[in-house]
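Student: Below: one structure in C-alpha cells.
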Amino acid sequence: MGCTCNSSDKEKLFCSGVLVDNRPGAVLPPQDAWEKKKGGYVIIECPQRIPCNPCATSCPTGAVVPFVDINDVPAIDYDKCTGCALCVAKCPGLACFVVDLTYGADEAVIKLPYELEPKPVKGARVKCLNRVGDEVSDGEVFAVTEPLKDHTTVVSVVIPKKLVGEIRAIKVVC
Ligand code: SF4
Ligand code: SF4
C-alpha cells in the first residue's frame, strides 16, 4: 500500500519512519573521534521505546549495547563500532546509518539502507533526500553491498559533508 501520510503527519515523521529532526535520544558519535574514524560510525535515530532489537542482535562487536529489555532504546559503545553497517541492513525501521567523515575535506560517505528497485549501481548519480523527502543535493554511489545476503542493500553515497545531519535517503534517477 502506498503512503497514507497527510501533510501534517509528514511534518512529524517521514513516511519511511525516518525522524524529521535530530531529536533528543537519537544516538550520535563523539565529534572528535568521528572526524578521524575511517569507515565511519553508526548513527541510530530510534529514540522511542518499541519492542524491537535487531540492531543489537546483529551487531558483531557489541557496539550496540545488548538490550536488557526488548523495548530498550539503542545505546552505542563507540569504542566498539567498526562502521560495518550490518545494523543498517538489519534495522526494520530504517533508523541506522553509518557516516564516514574522513572521505574528503568537503565530502562524506553515508551508508544507508535501500529496499527499492531498481538498485543503484556504483558510480551512479542519485538524488539525496532529507527526512521529509525533499531533494537537498546530488550524490554519487560509492558502493552497493548486501551485507547479510538477504536482499537488503546498503548503499554508500558520497554527499556534501555539511549535509550529514540531514540526508537520510536517496532516490535513484533512471
Ligand atoms: S556499524 Fe557495525 S559495529 Fe557499528 S553498531 Fe552497526 S553493526 Fe555494530
Ligand atoms: S533495529 Fe532499528 S527500529 Fe529496532 S530498535 Fe534497533 S534502531 Fe530501533
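The values are calculated or read from the model by the stated rules, or taken from the named source; none is laboratory data. Everything quoted here is computed from the prediction, not taken from an experiment. Cβ: placed from backbone, ideal geometry, glycine included. Neighbour counts: every protein chain shown.
Student: What is the residue count in region 44-66 for residues that are of a type outside the set (V, I, T), modelled with pLDDT of 95 or more and part of a loop (DSSP other than H, G, I, E, B)?
Tutor: Total satisfying the criteria: 8.
Student: Restricting attention to region 49-66, which residues are within 9 Å of ligand 2 (Cβ to nearest atom), under 17 Å from F97 (Cβ atoms) and of a type outside the set (V, I, T)?
Tutor: Hits for region 49-66 are C52, P54, C55, A56, S58.
Student: Under 30 Å from R49 (Cβ atoms) and over 16 Å from the mean Cα position of the chain (by Cα): does that describe D134? Break it down into steps so the answer makes sense when it comes.
Tutor: Details: under 30 Å from R49 (Cβ atoms): yes; over 16 Å from the mean Cα position of the chain (by Cα): yes.
Judged against the criteria, D134 is a match.
Student: Next question, about the same structure. Given (1) closer than 16 Å to T152 by Cβ; (2) assigned to a loop (DSSP other than H, G, I, E, B); (3) within 12 Å of ligand 2 (Cβ to nearest atom), identify the lone condition not met by C84.
Tutor: (3) is the only condition that C84 fails.
Student: For a quick check of your reading of the model, give me the residue pairs whose first member lies in region 91-115 and is surrounded by 18 or more Cβ atoms within 10 Å (Cβ to Cβ), whose second is of a type in the set (D, E) and assigned to a loop (DSSP other than H, G, I, E, B), with beta-carbon atoms closer than 9 Å and at least 6 apart or on different chains.
Tutor: G93/E45; L94/E115; A95/E45; C96/E45; F97/E45
Student: Moving on to the next point. Condition check: farther than 18 Å from I167 by Cα, part of a helix (DSSP H, G or I) and more than 10 Å from ligand 2 (Cβ to nearest atom). Does D69 satisfy that? Walk me through how you get there before you give the answer.
Tutor: On the way: farther than 18 Å from I167 by Cα: yes; part of a helix (DSSP H, G or I): no; more than 10 Å from ligand 2 (Cβ to nearest atom): yes.
Answer is no for this residue.
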